[in-house]
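Chemist: Structure in structure tokens, see below.
We did not get these values from a lab; they are worked out from the coordinates using the rules stated. Everything quoted here is computed from the prediction, not taken from an experiment. With ideal geometry, Cβ positions are generated from the backbone for all residues, glycine too; neighbour counts draw on all protein chains shown.
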Amino acid sequence: MVSGSRELWLGDGKGKKPLDRGGDIHYACLKQILLKEKKFMSRDKSKVEKEIDEYIGQVIMVILHIMRNLRHSGMELLSEVELSYPQILLLYALLENGPSSISEISQRLKITQGVVSRMVERLVEKGIVERTRDKEDRRVVYVSLSKKGRDHAERMITYHVDRLKQKFLKVKKVDRENFLKLLQDIDSQLEE
């Protein structure tokens, strides 16, 4: 964590809400990178390209801030079982896709199989996931949620859905649909 009372601002910070008080080092580092990019922007770039660069920086900061808020908003639930953010993502992946091999989890979360194996080991120790070997190929290990893990993941999801529902009830249906479509389009383009 970065100590002190530093504040990261969306855009130029004039009249806007701070993104982070004291914040995570990731936010501070990203902010510095975005500021350097802005400072060293080529003078050859058009006004539109410069606006897009600034816009992308703002979008990245807002997405990271939303993710941070979602992660920290469930801290009461996390206190029952101490889990890291990547471990929570692994639980959500198993909840969504069911029992999966280390390789499948690695591909879904876009992290190495070694990292997944270490996370699974820690989650097995906490009683959150279970490992089983494939009956036909003993080299293949499947990971699934234990009852405790499924209950915990479902409570986390329900908590976040309820919290977001309160916010999205205030947004017009057409705006919600456009927002989701835009996110899906960006996601599919980033996958290419």
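Chemist: Residue separation times 0.36 nm, minus the C-alpha to C-alpha distance between THR158 and SER103: what's the value?
Modeler: 17.0 nm
Chemist: Further, regarding this structure: With +1 on the Cβ of every Lys and Arg and -1 on the Cβ of every Asp and Glu, and nothing else charged, how large is the dipole of the range 50-192 about its Cα centre, in debye rounded to the nearest 20?
Modeler: 440
Chemist: At 0.36 nm per residue, minus the direct Cα-Cα distance, what do THR132 and ILE66 gain on full extension? Give it in nm, one decimal, please.
Modeler: 20.2 nm
Chemist: Additional query: Taking the mean number of other Cβ atoms within 10 Å as a proxy for protection, how do you rank 81-94, 174-187 from highest to lowest?
Modeler: Result, highest mean first: 81-94, 174-187.
Chemist: Follow-up question, since we're still on this one. Quick check for the range 82-192: number of Lys pairs with alpha-carbon distance under 24 Å, counting only pairs 8 or more apart or on different chains?
Modeler: Eligible lysine pairs with Cα atoms under 24 Å apart amount to 11.
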